[in-house]
1. Please identify the pairs in which a residue from segment 123-144 that is under 15 Å from residue 283 (Cβ atoms) and open to solvent by less than 30 Å² (accessible area, probe 1.4 Å) has its Cβ atom under 9 Å from the Cβ atom of a residue that is among the charged types (D, E, K, R) and in a strand (DSSP E or B), counting only partners at least 6 apart or on another chain.
2. Being surrounded by 15 or more Cβ atoms within 10 Å (Cβ to Cβ), modelled with pLDDT under 90 and farther than 20 Å from residue 264 by Cβ is the filter here; which residues of segment 313-349 pass it?
3. Can you tell me which of (1) surrounded by fewer than 18 Cβ atoms within 10 Å (Cβ to Cβ); (2) modelled with pLDDT of 75 or more; (3) in a helix (DSSP H, G or I) is the one residue 100 doesn't meet?
4. Among (1) outside any loop (DSSP other than H, G, I, E, B); (2) modelled with pLDDT of 90 or more; (3) more than 15 Å from residue 326 (Cα to Cα), which single condition is residue 382 missing?
5. State all residues of segment 159-175 that are crowded, with 16+ Cβ neighbours inside 10 Å and either in contact (Cβ under 8 Å) with a residue 60 or more places away in the chain or closer than 18 Å to residue 212 by Cβ (or both); if no residue qualifies, say none.
6. Please go through segment 228-271 and give me each residue that is open to solvent by 50 Å² or more (accessible area, probe 1.4 Å), within 28 Å of residue 392 (Cα to Cα) and either touching a Phe, Trp or Tyr at 6+ places or on another chain (Cβ under 8 Å) or part of a loop (DSSP other than H, G, I, E, B) (or both), ordered by number.
7. Taking into account only those residues within segment 278-301 that are in contact (Cβ under 8 Å) with a residue 40 or more places away in the chain and part of a strand (DSSP E or B), which is farthest from residue 136 (Cα to Cα)?
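The values are calculated or read from the model by the stated rules, or taken from the named source; none is laboratory data. Please read all numbers here as calculations on a predicted model, not as lab measurements. Here the Cβ positions follow ideal geometry from the backbone for every residue, glycine too, while neighbour counts run over all protein chains shown. Side chains are part of the model used for accessible areas, which takes the heavy atoms of the whole protein and leaves out ligands, DNA and RNA. Shrake-Rupley method; radii C 1.70, N 1.55, O 1.52, S 1.80 Å.
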Amino acid sequence: MTTITKGLLAAAICLVALILAPAAIPTDSWRQTLEKQLSVALGQPVRIGRLYVTLLPRAQLLAEDVEFVRGGLTVARMRAHPIVASLLRERIVVRQLQLEGIRMDSTSLASLLRRKPAPEPARLVVQAIRVDDATLIAGPVVLPDIDADILLGPDGRPRRIHASMDGVRVRLEILPTASGALQLALQAHDWTLPAPPRTRLDEVHATAILEAHRLEAWNVQARVGRGSAFGFLSVRWKSDWIATGEFSLRDVPLARLQAAGKTPPALEGVLQAAPRFVARAPQADRLLARLQLASDFVVSDAVVRKVDLQVASSARAKPRSGVRETRFERISGHVALRSGSLEFTGLEARTGALMASGHVSVGADRSLSGRLDAQMGEGAGLLAVPLRVSGTVDDPRLAPTAGAVAGAAIGSALMPGVGTALGVRAGQWAEDMLGSLRSRPRAPAIRDRSSPSSP
């Protein structure tokens, strides 16, 4: 046998050995060992569905269907690329760990952030982590398509994190601080917020600090059309989840803050407001349902669709054909959000000689209730018409109150011309008086002391 033939035969034997070697490796025992190490490192029991070992084209450990036993975290595939020489040493070094198809909820994320590193030296050292197609879920808030490159130090703590989301619309740079916290810098463009009402922001810049029990974001700036928003946000989760914040909205197109649909929004205009909000819940996915918000506001160049205030304020007028809407030069008031319901108080609106004031409530089911007093011209108190608000946001209804309609009919019959306005005022005055008397508690009966007492 020639030397060349012997060499080729030896190479073939080595190749067959490399191909068959993974089948001879007891991966079940490796899987159990890896499950224990991951459980200790992550602070929760971990289960691995399948484990494979490949040596070509390079050494690789592949784990599939990795999950927290208690739920909250799943990883479709986990690939580890170790330094081959370290496999023969007590401390194994993994050059890169690839995590694909992660799905994590907010509870698991908070648990990992609270996890403190083990005091003893780790037997497994990871130099870098690559994350592909991760999804973070917190109730109705879903952050999909997250990719990240994480560079780790010898102690296992991140040295630098580059992350992106929603393609390249959102970029996040994360750096550790001397105190152990993480400093975040976020930039985004043409990004739709993941929480209702899914507002689309043209540009966002923010800086934040992330610690084991809190996230503090300050200097949050956003551009919405020709308008802007500026403020801060704080989220804490040591026991309950608590979110607080305050923002200043300037010249923000109101239509952009409403959920997009097939029909135009019910209210459009340019918004000025300074909302403050707070929410507290046992889990992060319930924060939106517990949100409370309050703010004074002004909407200029407003358009209220499906409402014709001029027709509604005429107690005996007939609706006009065509699209119903009312344009206002300005609408102002105070808004409060509690338990999913909106309360608009101190409302004042004006368009030309037509003015309106009152209050409106929007229920969690989008139902409307309230009262508006419409008035033609300044100081023309005789022409004020009380209107009852009803229906829904999608089908609002304005109609004179029963007292106003009855008064208008009687006034017109008795005094044609001016009698209608006088009757409206008189009818509403009577209705208000009756309502006040009905709601007033009855006085207790007074016993006549001069009458003889019963035995």
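1. 138/105
2. Within segment 313-349, 313, 314, 315 qualify.
3. (3)
4. Result: residue 382 fails condition (2) only.
5. 161, 174
6. 258, 259, 260, 261, 262, 263, 264
7. Top of the filtered list is 299.
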